[in-house]
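Only one structure is covered here, and it is reproduced in the block below.
The values are calculated or read from the model by the stated rules, or taken from the named source; none is laboratory data. Since the model is a prediction, treat every value here as computed from it, not as a measurement. Quick reminder, even Gly has a Cβ in these numbers, built from the backbone with ideal geometry, and neighbours come from all protein chains shown. Each accessible area value is taken on the protein alone, full model and side chains, heavy atoms only, with ligands, DNA and RNA left out. Shrake-Rupley method; radii C 1.70, N 1.55, O 1.52, S 1.80 Å.
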Amino acid sequence: MLSATLLEGIGYLHEGLTSIEREVVSQLFEAGWIQMMGHASRPLLDNSEVVVGVIDNKQDAVEYLTWTFMYRRLTQNPNYYNLQGVSQ
């Protein structure tokens, strides 16, 4: 399952992964090759965007979110997500 999601550019971390799998996912994320789903903000363990300073304020957060898979899904199918005032 992990290899399939990584091929699509999406990674995840959870306790069921081996230490090697966690390391691979972390390195791919830090290199910018994948996006994380459910990425916990554990400052001593994870290098999340806020902790490492990628997101420093509200505007940074908005700009960062425009690059996420979820944003792309929202903008391509706003009716599915019941978004109002959005045109395709």
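Computed quantities for the displayed model
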| quantity | calculated |
| --- | --- |
| For Gln35, distant residues with modelled amide H under 5 Å away | Ile10, Gly11 |
| Integer Hz, Karplus 6.51/-1.76/1.60 couplings in order for region 77-82, x for Gly and Pro | 9, x, 5, 4, 8, 6 |
| Within the accessible area of region 1-40 (1.4 Å probe), percent carbon and sulfur | 59 |
| Inter-label distance, nm, simple model (7 Å from Cα along the C-beta direction), Gln27/Trp67 | 2.1 |
| Ile20-Asn82 FRET efficiency (beta carbon distance; Förster radius 35 Å; 0.05 resolution) | 0.30 |
| Residue-span extension gain [Asp56 to Leu74] - 0.36 nm each, minus C-alpha spacing | 4.1 nm |
| Percent of C-alpha pairs per 5 Å bin, region 1-40, short to long | 6, 29, 39, 23, 3 |
